[in-house]
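Below is one structure, written out as structure tokens; the observations come after it.
The values are calculated or read from the model by the stated rules, or taken from the named source; none is laboratory data. Just so you know, these numbers come straight off a predicted model, no measurement behind them. Glycine gets a Cβ as well: all are built from the backbone with ideal geometry, and neighbour counts include every protein chain shown. With ligands, DNA and RNA removed, areas are computed over all heavy atoms of the protein, side chains included. Shrake-Rupley method; radii C 1.70, N 1.55, O 1.52, S 1.80 Å.
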Amino acid sequence: LSRIGDELYLEPTESGLSLRAVNSSRSAFASFLFAPLFFQQYEPGGAGPDTELFRCKVHMKSFLGIFRSLPSLEKSVGKCLILLKPRASHLVLQLHCKHGVTKTHNLTFQDCERLQAAFDTQRCASRLCAPARVLAEAVVHFPLTLAEVTLGTGPGGKISLRNYVEDEAEPSKTMVTELWLAEDEFQSVAVAPGSHITFCLKEFRGLLSFAEASNLPLTIHFDEPGRPMIFTLDDTVLEVHLVLATLSDLESTSRSPSTNGVSHLPAPSDDFADDLESYMAAMETSEGPSEGPPSPTFPLHTPRPAESEPEEEEEDEEGAVPGTPPHKKFRSLFFGSVMTPGMPGPATTQEVLAEDSDGE
Amino acid sequence: MRFRAKIVDLACLNHFSRIINTIAKLTKTCILRLTVCKLYFILSDKVANGGASMWCELSQGNFFDEFQMEGVAAEHNEIYLELMPENLSRALKTAQNAKAVKIKLTNKHYPCLRVIVELPSLSSSSRIVTHDIPVGVIPRRMWNDFREPSVPDFDVSIYLPALKTMKSVVERMKNLSNFIVIEANLSGEMNLKIETDLVSVTTHFKDLGNPPWASEDGCQSSAQDRDLESMAEACIDIKKLQLLLAGQQVNPTKALCNIVRKRVVHFILLHEEVSLQYFIPAVA
């Protein structure tokens with residue numbers, strides 16, 4: 001959760017304790033629901049059936065600091081008690097350790113609206129389920145700094161993962177990595193043929209390491225580009241959801257030979273031509289030593305002539321949300337305010353319905 | 001112009017990857033020259049490189065199980081490509097348990113070196129990872145820029161001390177100064193010196209040995225007349241030296257350097273299957 005956001009939202013419910021986080025651009029949301037059975041004792045509180053269950057948010061770092069060293073915690077801590085003291089504005093975490101030592105941490109919390117991204121796995125056209133290990137082995141081929149990756153389907157039912165090259169980057173200077181997984185590496189595959197979806201790999205890695213550590217299979221639900229993508233982990237006492245915004249298809253995502261290639265060279269052939277005879281011939285006859293080949297590395301060469309913009313609709317960020325960095329093409333996830341009656345159903349619109357009341 | 005190659009043996013793949021890692025540490029971009037028998041990684045001494053230059057040569061037969069190359073023309077059966085070795089290093093990094101690695105030159109939308117890694121998997125078919133590394137094809141008229149550098153008319157030639165030792169000395173010196181003086185004589189002695197306003201540090205190495213170079217028409221034979229004790233020195237950028245030493249992951253069979261007083265230091269690192277020459281110019 002700390003890989004997603006800086007604040008930890010705690011929401012006790014009748015069905016368990018929910019821990020949630022959202023990122024600053026509201027393009028990633030995660031929730032971990034621990035069933036009452038997970039705990040030795042679980043009292044969600046609330047004086048009566050009409051009383052709203054208390055919820056709050058705390059600083060992620062403060063919370064994490066308490067559980068800093070897992071190996072030593074495992075050795076020394078017998079029990080952990082979590083208490084919400086609304087009147088004292090404290091979230092109390094008490095670690096009962098060996099030798100009669102009790103460590104009590106009082107964390108200040110802030111009131112908050114219910115944090116809930118609106119999503120519905122049932123409405124996703126495609127679904128994949130794989131052991132976490134397979135996915136972890138797949139993402140290892142991509143650099144840690146890579147932001148976005150495209151999941152796609154290919155011939156023979158294969159599933160592909162490919163790094164997404166932003167339009168601003170020059171395609172002829174960017175390394176492209178593509179990985180193909182066979183259908184039988186997955187536990188289940190139900191995808192629309194020809195479908196593809198682009199999402200933020202960095203935010204997914206956090207969930208992936210959790211899944212690997214807990215040895216749980218990961219299910220991926222996705223629909224059309226632009227609609228949220230949902231990753232789920234299921235266990236008897238734990239339900240995990242990660243919802244990521246995806247890149248919509250308004251910008252051309254196909255890697256077709258775009259018009260920003262060098263116009264004085266012959267058009268590259270479409271088939272996997274190994275030989276570059278015609279390319280070389282054209283280069284040998286191009287005039288003057290000043291016009292070097294389009295070098296991927298030496299920007300000092302004469303810039304390519306008549307570089308036209310790739311076919312692209314210049315679209316304003318639809319439903320731009322204050323706080324969303326303008327250059328980010330990911331739509332914000334919509335967060336319904338479940339509290340306000342009379343609002344249209346969250347799944348029907350693509351606009352952000354309500355900000356957190358205390359969001360900046 | 002075609003190029004296809006394949007590595008199946010994991011030890012060869014590992015060795016090849018380590019060489020690429022060394023090159024990647026030395027320079028951001030370089031030239032890859034392919035001939036029927038050899039691969040060369042070349043960095044020419046342009047100003048953009050800070051004057052350092054590199055020549056690394058390996059025999060393809062020692063690494064590749066299959067190697068097919070067709071140059072630009074029959075009389076010029078070679079290919080010169082410009083690329084970023086870091087990309088190649090990244091592509092090979094996660095291939096260390098591969099069943100096979102194929103490399104080929106393609107031109108789907110723009111010239112690329114395509115690295116195809118076939119990985120084992122629990123399913124019936126292997127996992128395939130492809131990396132398209134963009135390359136620049138160097139036209140024939142520019143090939144002269146990338147000729148093998150000649151051994152300079154050096155003042156002193158000396159074997160290097162154990163690279164690990166040299167590396168740790170240089171790394172510590174790097175924290176104190178941006179420049180290092182290498183000096184050596186024909187009696188097997190070498191000093192590494194740094195000098196700043198506050199401190200000067202010298203590390204002395206003895207009994208290193210001087211490689212015997214065949215004397216040619218009297219210019220090297222005059223070395224016998226030279227004072228065996230007199231030091232030839234050159235002051236070089238310490239970062240370049242540190243990168244060279246840091247990139248060595250395996251101990252070379254032979255490691256030596258040739259010093260041209262106040263001009264350049266020429267390092268030669270020889271392994272069984274690969275040779276690396278690196279020139280670091282002296283600073284004023």
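Percent of accessible area on the stretch B:2-145 owned by carbon and sulfur, 1.4 Å probe?
Details: 2650 of 5480 Å².
Result for the stretch B:2-145: 48 percent of the exposed heavy-atom area is carbon or sulfur.
If you take the square roots of the eigenvalues of the alpha-carbon gyration tensor of the stretch B:2-145 and sort them as a ≥ b ≥ c, do you get rounded (a/c under 1.5), prolate (a/b over b/c) or oblate? Since a/c reaches 1.5 and a/b is larger than b/c, the shape of the stretch B:2-145 is classed as prolate. Taking the 1.4 Å solvent-accessible surface of the stretch A:7-111 as the whole, the part contributed by carbon and sulfur is 54%.
For the stretch A:157-197, backbone nitrogen atoms closer than 20 Å to the point 7 Å from A:LEU144 Cα along Cα-to-C-beta are found at A:163-164, A:177. Applying 0.36 nm per residue to the separation of A:GLU74 and A:SER89 and subtracting their alpha-carbon distance, the gain on full extension is 2.5 nm.
Just checking the listed ones, B:ASN14, B:ASN107, B:ASN87: in the Gaussian network model of chain B with Cα springs under 10 Å, the one fluctuating most is B:ASN107. Comparing the full protein assembly with the isolated chain, the residues of the stretch B:82-108 losing at least 20 square angstrom of accessible surface (1.4 Å probe) are B:GLU82, B:MET84, B:ASN87, B:ARG90, B:THR94, B:LYS104, B:LEU105, B:THR106, B:ASN107, B:LYS108. Buried accessible surface for the B/A pair, both sides summed and rounded to the nearest 100, is 4000 Å² with a 1.4 Å probe.
The contact residues of the stretch B:118-149, meaning those that lose at least 40 Å² of 1.4 Å-probe accessible area when all protein chains sit together rather than their chain alone, are B:SER123, B:ARG127, B:ILE128, B:VAL129, B:THR130, B:HIS131, B:ASP132, B:PRO134, B:VAL137, B:PRO139, B:ARG141. Restricting the calculation to Cα atoms, every distinct pair contributes to the Kirkwood radius of the stretch A:7-111, found to be 15.0 Å. Rolling a 1.4 Å probe across the protein heavy atoms gives the stretch A:126-220 an accessible surface of 39 Å² per residue. Residues A:LYS61, B:LYS104, sorted by accessible area with the largest first, give A:LYS61, B:LYS104 [1.4 Å probe; ligands and nucleic acids excluded].
Using the Cβ-Cβ distance between A:ALA213 and A:ASP167 with R0 = 51 Å, the FRET efficiency computed as 1/(1 + (r/R0)^6) comes to roughly 0.90.
Round to the nearest 0.05 the FRET efficiency obtained for A:LYS61 and B:ASP207 when R0 = 35 Å and r is the Cβ-Cβ distance. Here the calculated transfer efficiency is 0.05.
Using the 1.4 Å probe convention, the accessible area of the stretch B:2-145 works out to 38 Å² per residue with neighbouring protein chains retained. Based on Cα atoms of chain B, Rg over Rh with Rh as the Kirkwood radius reads 1.02.
Between their Cα atoms, which of B:LYS164/B:LYS262; B:LYS206/B:LYS254; A:LYS61/B:LYS174; B:LYS93/B:LYS193; B:LYS6/B:LYS167 are more than 29 Å away from each other?
On the way: B:LYS164/B:LYS262 26 Å; B:LYS206/B:LYS254 17 Å; A:LYS61/B:LYS174 36 Å; B:LYS93/B:LYS193 36 Å; B:LYS6/B:LYS167 34 Å.
Long pairs (Cα-Cα over 29 Å): A:LYS61/B:LYS174; B:LYS93/B:LYS193; B:LYS6/B:LYS167.
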